Amino acid sequence: PDYTITVDPAATGPAIAGSMYGVFFEDINFAADGGLYAELVRNRSFEFLPADNTSYRGLTAWTPGGESGGTGSASTVNDADRLNERNRTYLKLALTSPDGGRYGVTNSGWNTGFAVRRGATYDFSLWARSDSPAGTPVTVVLRDAAGEPLAAPAELTVRGDGWTRYAVPVRASRTTDAGRLAVLAGGTGTLRLDMVSLMPRDTYKNHGLRRDLAEKIAALRPGFVRFPGGCLVNTGSHYGYDAASNFPRARSYQWKDTVGPVETRAANANFWGYHQSYGLGYYEYFQFSEDIGAMPLPVVPALVTGCGQNRATDDPALLQRHIQDTLDLIEFANGPASSQWGALRARMGHPAPFGLTHVAVGNEENLPDAYFANFLKFRDAIAARYPGITVVGNSGPDDQGATFDNLWAKNRAAGVAMVDEHYYNSPAWFLGNNRRYDGYDRAGPKVFLGEYASLDTKLFNSLSEASYMTGLERNADVVRMASYAPLLANIDNVQWRPDMIWFDNDESWGTTSYQMQKLFMNNVGDRVVPSRATGKVIEPKPITGAIGLSTWATAATYDDIAVTTPGGQVLFSDDFSGGAGQWTPVEPRGAWSVVDGGYRQSDTAALDTLVKAGNITATDYDLTLKATKQTG
Ligand code: AHR
């Protein structure tokens, strides 16, 4: 045989926690609304405002119109007649059809439209008020893009000029992924509508999440769920919902915005540039974690930004408010039903505690000193009130830069229990860094690898991740948890690649990295058994070809550059054409874009290793750097 692997079952390696491998759910790539959250109506509360995104308006996804001679006008209004102070904008229909006909709005849903299945039941509901003394008849019609019915029309009558919830089930008679939902009203007068909803009755464990996506995540058997971000958490305004300001800016994810009855949850313009309804909020995250047998691991803002921004709050009262919010979050998860926040959890349907054990403070903050000063305040307050909770710190945005080193030193010195590391790198990096954690201080903080991925979606990327995960597992005494990121992506709304599970409005599929994660998560061992491999050794081979750049390539000397495998797979390329792809040879180095992937500043670090003269090695294949001289 070429190889002999000798296993010594008597020897004891580190124990591997059941929660070693988990998932990181961030509301990026429309992962929540139009994704895991099963709601079929897009913009159900008419809160898409210019502040959410300049291209969105209150009627995003809605088209007004009359039928059978019905007339009227539709507008979104934010005035004193609103549903409540958090759900400020509503739809106002001025109805002018005294002689029959209907007027109203039609929703186009997500992706190609409403995905409905023949024979399945969908729960339609809305909040409404009417100033018509006789009441306003409303017809709800589910139909295809050509106008052909997908269900028998549902009828209801809105009576009285106070907000009231109406609900009616709709049973689909045909299957489609391109349905439309029309809400049409007859007569005259003013009809006000809000929270127009169509929820499939069939959701994962009846908890409101889209079944196929939830099942794909559950099939991984994750040990934990990190949520809700990511940049979504630490970047944006750290102020809360502010009624007077009418959503002037994206707010960081703040859990109190996301709980209670859905019609009272604040909407947000999120960091990733789209509207967030918070229909999938903290209660649903905890419930989902419980439903799939995973440990919940929430991340709260530390009031210092990252993700391209460098701001820290100078408002001690605001900091204190967020610290209190974090204590309240722990009470929401674990407190008795008699406590203030435990009572809210009980009212929402879960009297028993969720059993929260870990809270992470911050994501990838750019200002290490400001972040760590805040982190310690959170940690001390949590330790004083809830000594059993593990408070997780982080190592900043970049696994190789000064912030990383600075933060690691601070975490170590302060005896932080666990530090969250993030990195997105090339397959070569993952192959070459299998031993990263062999040298980590065994007496120092444990590692939570909260985000990582090899940058692309080819099988080779997944193999490099698998190889790397053997190194994580070998060091299970230091690396206690790891999650690939991001988890979900809607094919029509992508802010980040690669992603583990892709979907449109009725289908979903996993990448090879999904399959790899599934293999590891479904086969977590109890402990590492030391082993030794002997036999033919594959020596790392140096990169061959035109690789010998002895200085940094510059835009002045080269205009095209690519790193390829012998099979022609382009791992990295850049054309020096300026903008996001521009490569500046001196510090700070410019960014590289990855073929088939998005723009990633951290690719630069991966390229550093490959490009810098003398540092270019490949572990099991030859790489070629092609740099083409500029002609002009
Ligand atoms: O996973 C995508 C993003 O990558 C996360 O929001 C952020 O934490 C990281 O930079």
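Quick notes on this structure:
- Rg over Rh [alpha-carbon atoms, Kirkwood Rh] for the stretch 378-525: 1.01
- Quotient of Cα Rg and 2.2 N^0.38 Å for the stretch 120-265, N being how many residues it contains: 1.32
- Whole-number D in µm²/s for the stretch 1-50 (Stokes-Einstein; Kirkwood sum over Cα pairs; 25 °C, 0.890 mPa s): 148
- The stretch between Asp8 and Asp123, if pulled fully straight at 0.36 nm per residue, gains 35.5 nm over its current Cα-Cα span.
- Taking amide H atoms as placed 1.01 Å from N in the peptide plane, the amide H of Asp161 lies under 5 Å from those of Ser130, each 5 or more residues away in sequence or on another chain.
- Derived scalar couplings ³J(HN,Hα) [the stretch 494-501; Karplus, 6.51 cos²θ - 1.76 cosθ + 1.60; whole Hz; x for Gly, Pro]: 10, 9, 8, 9, x, 9, 7, 10
- Computed from the C-beta positions of Glu85 and Asp380 and an R0 of 56 Å, the FRET efficiency is 0.95 to the nearest 0.05.
- Residue-span extension gain [Thr357 to Lys205] - 0.36 nm each, minus C-alpha spacing: 52.4 nm
- Relative packing of 397-410, 316-329, 482-495, which averages over residues the other C-beta atoms within 10 Å, highest first: 482-495, 397-410, 316-329
- Ranked by the mean number of other Cβ atoms within 10 Å of their residues, highest first, the peptides 337-349, 250-262 come out as 250-262, 337-349.
- Residues with amide H under 5 Å from that of Ile28, placed H, sequence gap 5 or more: none
- Taken along the Cα-to-beta-carbon direction at a fixed 7 Å, the label points for Ala167 and Asp492 span 2.8 nm.
- Between the amide H of Gly72 and those of Thr96, distances stay under 5 Å, these residues lying 5 or more places away or on another chain, with hydrogens modeled in the peptide plane.
- Using the Cβ-Cβ distance between Asp131 and Thr534 with R0 = 60 Å, the FRET efficiency computed as 1/(1 + (r/R0)^6) comes to roughly 0.10.
- Ranked by the mean number of other Cβ atoms within 10 Å of their residues, highest first, the peptides 105-114, 467-476, 449-458 fall in the order 449-458, 105-114, 467-476.
- Karplus (6.51, -1.76, 1.60) ³J(HN,Hα), θ = phi - 60°, over the stretch 124-140, in Hz, Gly and Pro reported as x: 8, 8, 7, 9, 8, 8, 9, 9, 7, x, 8, x, 10, x, 10, 10, 10
- Of Lys216/Lys446; Lys216/Lys518; Lys377/Lys410; Lys458/Lys518, those spanning more than 18 Å from alpha-carbon to alpha-carbon: Lys216/Lys446
- Spacing of the modelled spin labels on Thr470 and Ala218, each 7 Å from Cα toward Cβ, amounts to 3.3 nm.
- Over the Cα atoms of the stretch 243-374, the radius of gyration divided by the Kirkwood radius equals 0.97; this is the Rg/Rh ratio.
- Of the chymotrypsin sites (Phe, Trp or Tyr not before Pro) found in the stretch 179-240, not one falls in a DSSP loop while having at most 13 other beta-carbon atoms within 10 Å.
- ³J(HN,Hα) computed for each position of the stretch 523-533 - Karplus, 6.51 cos²θ - 1.76 cosθ + 1.60, integer Hz, glycine/proline x: 9, 6, x, 7, 7, 7, 10, x, 9, 9, 10
- The Rg/Rh ratio for the stretch 16-170, using Cα coordinates for both the radius of gyration and the Kirkwood hydrodynamic radius, is 1.03.
No lab work stands behind these numbers, since they all come straight from the coordinates. What you see is a predicted model; the values in this text were computed from it and never measured. Neighbour counts run over all protein chains shown; Cβ positions are idealised from the backbone, glycine included.
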